[in-house]
Structure formats: C-alpha cells, structure tokens
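The values are calculated or read from the model by the stated rules, or taken from the named source; none is laboratory data. Everything numeric here is computed off the predicted structure, so don't read it as measured data. Quick reminder, even Gly has a Cβ in these numbers, built from the backbone with ideal geometry, and neighbours come from all protein chains shown.
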Amino acid sequence: MSAKDKAQQNGKDHVIIFDTTLRDGEQSPGATMTFEEKLEVAELLDDMGVDVIEAGFPIASQGDFEAVSEIAQRAKKATIAGLARAIPADIIRAGEAVKHAGRPRIHTFVSTSPIHLEHQMRKSQEEVLDIITSTVTLARDLVEDVEWSAMDATRTPIEYLCRCVEAAIKAGATTINLPDTVGYTVPDEIRDMFKSIREQVPSSDKVVFSAHNHDDLGMAVANSLAALDGGVRQIECTINGLGERAGNAALEEIVMAVKTRGDVMPYYTNVDASKLTRASKLVSAASSFPVQFNKAIVGRNAFAHESGIHQDGMLKNTSTYEIMTPDSVGAGKTSLVMGKHSGRHAFKTKLEELGYDLSDNALQDAFVRFKDLADRKKHVYDEDIEALVDENIATAEDRVKLESLTIIAGTHGPQSATLTLGIDGEHKTVQSTGNGPVDAAFNAIQQLVPHDAKLALYDVHAVTEGTDAQAEVTVRLEDRDLGVSTTGRAADPDTMVASAKAYISAMNKLEQRRVRGRLMPAEQLAVSDRRGP
C-alpha cells in the first residue's frame, strides 16, 4: 500500500502543494532563470508530485508567456497556473498561455487592504468589489479552474475581506487564496482569519482555501501550518523558500513537517520527498542563490554531526539526533571519497548519490573538470563536486566565457591582470591594472565587455576546509538605469579565477535579461502592480 493510500485510509486530508518557484521565486532580485532552466525545474516539480505549478506571469513579457505555454503543453500530471492582475488583458493573456495544459488554471489577484486601496489602487471598496466580480467572471469564462487572491489579506478588515471572498465565489472562483503578502501575521491570527472567513461566507465549503505566506518575520512555514488548522487545504510555497524580500514558505519544510509530524497534523501531500534535495540543488543552480548550510531539510549541515556527544549517540542509534533520515529527502550518503585516482564510473556513481542525472556529454564535461580539480586538491569533497556541476549547469548558455587569467599582485602596486575571454566564440585579450588583484581582473572584464552595471555585492567563502579548498564567490551586479540586478556564483581553487567567473556569470545574466525581453514596458513596471501576492 502506498503512503498516499495509507494516509487516506487513516482519515488524513490531502493538502494541495502549489509551487510558485517559477513565478514568485523568480521575482527575487537576481534570480531570473532562462527558458531552458524553467522547463527543467517544471519537469522535476511535475515528476515529484507537486499538484499545482504556477509557471509564470504571462503578461510580464514574451519570454514569460512562452515559458508558461511550453510548460503547460509538457506537464503530465500537475495543474499549470498563470498569474494575472485584475485586468482583462492580463487574464486573457494568462488564459492563452495555459490553454493547452491538461489542467489549466488562471490565478488572478487584487489588493484589498486599506493601505493598498488608498496608496496603490486608489479605489474605493465598492469599486474593488466590482473589479473582483468582473475579472473572476472573465477568467471563469476561459477556464474552469480559477484561483482568486486578496493581496495583503492579513491586513484587511475581516468584514470587508468576507465581502470580497463572497464576491469571488459567486463569480466562479474555485480556490480562494488569502496571502500574507508582507509577512506580517502570526500563527494564531492566520488560523483565526481562515476560520472566521469559512464560518461567515456563504458557500465557503464549495471552494478550496489557500495560504500564501512570506517570511519577513521568519514565520512563513509556521503560519502555513497554522492555516491548515484554520481549514486551508492548499499551501503555496517555493523550493528553498525562494521569493521576494525574505522569501516564501519553503516547500521542503512544509512537506517534511506534514510527513514527520503526522501525529499532530492529520494531513498528507502527494510530493515524493526523496526528490527534495535534487529539487533544491537544481533551483539553487538555476537561480544562483546558494542554500545556507544550516537550512532545514536540504542544507549542507542538515544531517551533519560534529559534537562528540551527538556523534556518540548517532553511532549507537541514529534516531537519538535525527528525526528523519537523509534518504527520506534524497540527500544520499557521503562515504565515497573522491580524488585524482577515481574513474569515470565512480564519478558517475557519486553524482547519482548527490542527486544529479546528467546527459553523456554533460557528464563527460563535468568529469574532465573534476579531474582537473583533483589534480590541484588532495581530497575532493561532495561539496566540491556540487559546486563544480552547479557552475557548469548555470553557465551552459553564457555568451562570454573565461579562457585564461593571469594576476600579478604583491606589496607594491598597482596590481595587474592579463585576461582572455571567449566572446561569441572569438578570443579577446586585454591587460589592466587596479587597486588590488580583484579590481584589476574586474577592470579587464569591463574593458572587453563594456557595461554600466555597478558591483553591488562581492562575497567569498571556502567550499570546504583546508588551504586547498575551493573558493566560492558570489557577485551581484546592478543596472540602476533599468532597475534590475543579477547574481553570479562560481567556485575554483584560485580565488581570483572564481571571482572573474562569478562576475562574468552575473554579467551574462544581465545581458540575458535584456535579450530575452524580460523587462516589462515602462507603464507596467510599478512593482506594486506586477508582483502579485
């Protein structure tokens, strides 16, 4: 009997997992994904049993529309949703994007809180009620499955929120989402809010209620679980908690909390938890957002034990300090030590243990890079391999690539850098100086690929211990004229090489934003209008 069948047999309610990594998650500054990366993430989400995939915001750009449309056509099991503001053009565009899905959904939203109505919408409560009725009706004419969201619901007076929900249900909404858009609420409040709405609104038993919580106060997951007690049966979340500002409720934490604490939460999800680690790694590589080491469920240290007392307990019985096993979330084992004498078969086995499934060409390329790294390091750890493969995935489409870099540095400046870049397959070399080796390298890149972006973040840390550890560098570039930022990440035993690769990665992503038309027309750039719940 499957876990799902057992849960149903035990009288547990199904919790719908609505993943918005490709929409809300991608709105994180610098986290924009390429078309191919979106398809890969969507395929994995569908395969692992996510019920609803919010694939994007079709009106935002042609690129977003094409990605949502392609994901809709490829989806095998999941419902595919497109986000739309409470504007007819948005709703029609979303309908066009999802129409080929086996299970299409339009997700439309409008602000309801006093602060939003006064300063953003500049409309009265009655005007907003009319908008809800007309736009939900339009969406329902296009698809049978319509989700309606009250943006900033947790700061909306309950009486008015009830009127809005009632209007949406009467107009044909099948799912009602009451998001904590600004991460303001606490568990008791959100539980009571949903209970009150369900008790006061006619026909509330005919729709599914949904919770979408942001993590500004660090309570997104706690609030989502409390909402279940208030009658919610859909939780909106993202892989790694990716999202605007402090992010969203983390999908992996929601799934494992429900699975691990079934004694106090009588629910189940359809998500295959053994694929959580792979999903985390894929989204981290695609978005260039590293996962913090102590991140719950999927962090590097989630199943690591250094304390002598903990180690003693683990050797006697793993349950003394682990409430779930690494295998249950797909973390695998880390006993295989890799080095320069390891062969291709051992390397492939290690990649599979770490959750990677590479094509033959990608595997060969990664193996060559691994052998090069192993020649320069005494031991190659799992984290070294992850950094190597993730960087290779992230840079596959880059127009500009680092070919060679030579740095001359010391106590007597100025420091200098000789750099060769591959730009559209053509090699170009330049020599530059700077106030330090990093500055010299970045100045050289600027000479070969002129741009106006400003360096907003430069961060370096060691991937593993030891003096031969790889340096992992994160670079964020900001184009203030366009109002966008991108983040690049790279790892290499040479800190200067890693720095140059990270800078080039961020620069490539900035160019991809322009080329792929991901910037909206000026009249649509108002952050409050375009970003959703």
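Which numbered condition trips up Pro187, out of (1) crowded, with 21+ Cβ neighbours inside 10 Å; (2) over 22 Å from Leu138 (Cα atoms)?
Exception for Pro187: condition (1).
Of the residues that make up the stretch 201-220, is at least one on the phi > 0 side of the Ramachandran plot and of a type in the set (S, T, N, Q)?
yes
Identify, by number, the condition in (1) more than 24 Å from the chain's Cα centre (by Cα); (2) free of Cβ contacts under 8 Å to residues at least 40 places away in the same chain; (3) within 22 Å of Phe293 (Cα to Cα) that Val475 doesn't meet.
(1)
Looking only at the stretch 246-298, how many residues end up being hydrophobic (A, V, I, L, M, F, W, C) and part of a helix (DSSP H, G or I)?
13
Against the condition of a type in the set (Gly, Ala, Ser), touching a strand residue (DSSP E or B) at 6+ places or on another chain (Cβ under 8 Å) and in contact (Cβ under 8 Å) with a residue 60 or more places away in the chain, how does Ser113 come out, does it pass?
no
Of Leu117, Leu129, Leu138, Leu45, which residue is modelled with pLDDT under 95, in the same structural domain as Leu178 (by TED's automatic domain parsing) and either hydrophobic (A, V, I, L, M, F, W, C) or under 28 Å from Asn240 (Cα atoms) (or both)?
After ruling out the rest, the residue left standing is Leu117.
For every residue, the table says whether it meets (1) closer than 27 Å to Pro104 by Cβ; (2) within 18 Å of the chain's Cα centre (by Cα); (3) not assigned by TED's automatic domain parsing to the domain that holds Val258.
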position	(1), (2), (3)
Leu178	yes, no, no
Ile190	no, no, no
Ile197	yes, no, no
Val207	yes, no, no
His214	yes, yes, no
Leu217	no, no, no
Val221	no, yes, no
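If a residue counts only when it is more than 26 Å from Thr32 (Cβ to Cβ), which strands (runs of 3 or more DSSP E) contained entirely in the stretch 420-506 have at least 3 such residues?
426-434
Quick one: how many residues across the stretch 455-477 are among the acidic types (Asp, Glu), surrounded by fewer than 20 Cβ atoms within 10 Å (Cβ to Cβ) and touching a Lys or Arg at 6+ places or on another chain (Cβ under 8 Å)?
1
May I ask you to list pairs of residues, at least six apart or on different chains, whose Cβ atoms are under 9 Å apart, with the first in the stretch 246-263 being assigned by TED's automatic domain parsing to the domain that holds Phe18 and under 15 Å from Ala302 (Cα atoms) and the second being acidic (Asp, Glu) and at pLDDT 95 or above?
Partner pairs satisfying both residue conditions: Ala250/Asp215.
If Arg85 satisfies every condition in (1) without any contact (Cβ under 8 Å) to a residue 60 or more places away in the chain; (2) of a type in the set (Lys, Arg); (3) more than 30 Å from Arg278 (Cα to Cα) but one, which is the exception?
Of (1) without any contact (Cβ under 8 Å) to a residue 60 or more places away in the chain; (2) of a type in the set (Lys, Arg); (3) more than 30 Å from Arg278 (Cα to Cα), only one is false for Arg85: (1).
All but one of (1) basic (Lys, Arg); (2) farther than 20 Å from Arg489 by Cβ; (3) at pLDDT below 85 hold for Arg300; which doesn't?
The single condition Arg300 does not satisfy is (2).
For every residue, the table says whether it meets (1) within 18 Å of Leu477 (Cβ to Cβ); (2) in the same structural domain as Lys501 (by TED's automatic domain parsing); (3) exposed (fewer than 15 other Cβ atoms within 10 Å of the Cβ).
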{"position": "Ile407", "(1), (2), (3)": "no, yes, no"}
{"position": "Gly410", "(1), (2), (3)": "no, yes, yes"}
{"position": "Gly422", "(1), (2), (3)": "no, yes, no"}
{"position": "His427", "(1), (2), (3)": "no, yes, yes"}
{"position": "Ala441", "(1), (2), (3)": "yes, yes, no"}
{"position": "Ile445", "(1), (2), (3)": "yes, yes, no"}
{"position": "Leu448", "(1), (2), (3)": "yes, yes, no"}
